1. Search region 16-31 for residues being in a helix (DSSP H, G or I) and touching a helix residue (DSSP H, G or I) at 6+ places or on another chain (Cβ under 8 Å), and hand back the single one that is surrounded by the fewest Cβ atoms within 10 Å (Cβ to Cβ).
2. Has region 113-131 got any residue that is assigned to a strand (DSSP E or B) and in contact with a helix residue (DSSP H, G or I) (Cβ under 9 Å, 6 or more places away or on another chain)?
3. If residue 95 passes every condition in (1) closer than 11 Å to residue 13 by Cβ; (2) not in a loop (DSSP other than H, G, I, E, B) but one, which one does it miss?
4. Exactly one condition in (1) crowded, with 17+ Cβ neighbours inside 10 Å; (2) touching a strand residue (DSSP E or B) at 6+ places or on another chain (Cβ under 9 Å); (3) under 21 Å from residue 10 (Cα atoms) is not met by residue 78; state its number.
5. Confirm whether residue 109 is at negative phi, crowded, with 16+ Cβ neighbours inside 10 Å, at pLDDT below 95 and in a strand (DSSP E or B).
6. Consider residue 84 carefully, then state whether it is at pLDDT 95 or above, in a helix (DSSP H, G or I) and touching a strand residue (DSSP E or B) at 6+ places or on another chain (Cβ under 6 Å).
7. Which one of these is in contact with a helix residue (DSSP H, G or I) (Cβ under 7 Å, 6 or more places away or on another chain) and modelled with pLDDT of 85 or more: 34, 61?
8. So which residues in region 132-147 are in contact with a helix residue (DSSP H, G or I) (Cβ under 9 Å, 6 or more places away or on another chain) and either loosely packed, with under 13 Cβ neighbours inside 10 Å or part of a loop (DSSP other than H, G, I, E, B) (or both)?
């Protein structure tokens, strides 16, 4: 089964990427894998409590994931898969793509502010010519109605 890989983070554009990936998966018989990455610098200064902080970060990620997963299951009939990795975001995205041969498309949401589309979109599009899967970039201002029509 082809999977759409989406990155779950605290960005606003993440929501559109998850919606789009879910709609595409529902229409094409695919699956959705949601990747959340815990950056390494989050624990640098707290070596003594790093394990506790990691556990708390995982709990936050799992709670955030469940909000989206409930919608995906109930509205689209998609059972999402959650993967949590630790490290640098771009490195971990690429590693996940390499490790899971069922991933067929990376779906990213583009930000709408003046600073650009976001760090992941910027970094990954620079190396898009050598990626093992295509990238779909979902505009941050794409309406639900338009997204449903496109997907």
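1. For region 16-31, the residue satisfying everything is 26.
2. no
3. Here residue 95 clears every test but (1).
4. (3)
5. Spelling it out, residue 109 is indeed at negative phi, crowded, with 16+ Cβ neighbours inside 10 Å, at pLDDT below 95 and in a strand (DSSP E or B).
6. It is false that residue 84 is at pLDDT 95 or above, in a helix (DSSP H, G or I) and touching a strand residue (DSSP E or B) at 6+ places or on another chain (Cβ under 6 Å).
7. 34
8. Of everything in region 132-147, those that are in contact with a helix residue (DSSP H, G or I) (Cβ under 9 Å, 6 or more places away or on another chain) and either loosely packed, with under 13 Cβ neighbours inside 10 Å or part of a loop (DSSP other than H, G, I, E, B) (or both) turn out to be 132, 133, 134, 140, 141, 142, 144.
The values are calculated or read from the model by the stated rules, or taken from the named source; none is laboratory data. Since we're looking at a predicted model, the values are computed, not measured. Glycine gets a Cβ as well: all are built from the backbone with ideal geometry, and neighbour counts include every protein chain shown.
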